[in-house]
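Report on the structure given below.
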Amino acid sequence: MANQYLIKTEDESVRAWVFIGIINGLEEMFRIKVPVLDIFGAKDWDVTRWGADERRAQILKISGSAQVVVPEAQHFFEGREEVLVRSIAAFLDRELR
């Protein structure tokens, strides 16, 4: 649903998008115009890790986008929340200045 909104809207108030541990919804990623942060855990679910290369290839076509793998983190980032928050904050600070 969020993908569809970002793809089809002309709403310029949306200036960046963060997805955490995404496992699907990349079919029209190339149409997104705002910087994207793909963040997931190094010990995330297999399906999330398996799709990482494709997600990276898609989002790197979008200026300002990045992919971050949080070391030692599982899908819900238990015990790694601080790294998750710092990574997202750094991305948003950079993109929303």
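Only the coordinates and a few stated rules stand behind these numbers; no lab work does. Source: prediction; values computed, not measured. Every residue, glycine as well, gets a Cβ built from its backbone with ideal geometry; the counts of neighbours run over all protein chains shown.
For the stretch 78-87, does any single residue satisfy the condition of being small (Gly, Ala, Ser) and in contact with a strand residue (DSSP E or B) (Cβ under 8 Å, 6 or more places away or on another chain)?
Our first condition is that a residue be small (Gly, Ala, Ser); within the stretch 78-87, this holds for 79, 87.
Those still in the list that are in contact with a strand residue (DSSP E or B) (Cβ under 8 Å, 6 or more places away or on another chain) too: 87.
The answer is yes; a qualifying residue exists.
List the residue pairs whose Cβ atoms are under 6 Å apart, where the first residue sits in the stretch 56-81 and is within 18 Å of LEU96 (Cα to Cα), the second is assigned to a loop (DSSP other than H, G, I, E, B) and small (Gly, Ala, Ser), and the two are 6 or more positions apart or on different chains.
Partner pairs satisfying both residue conditions: ILE59/SER65.
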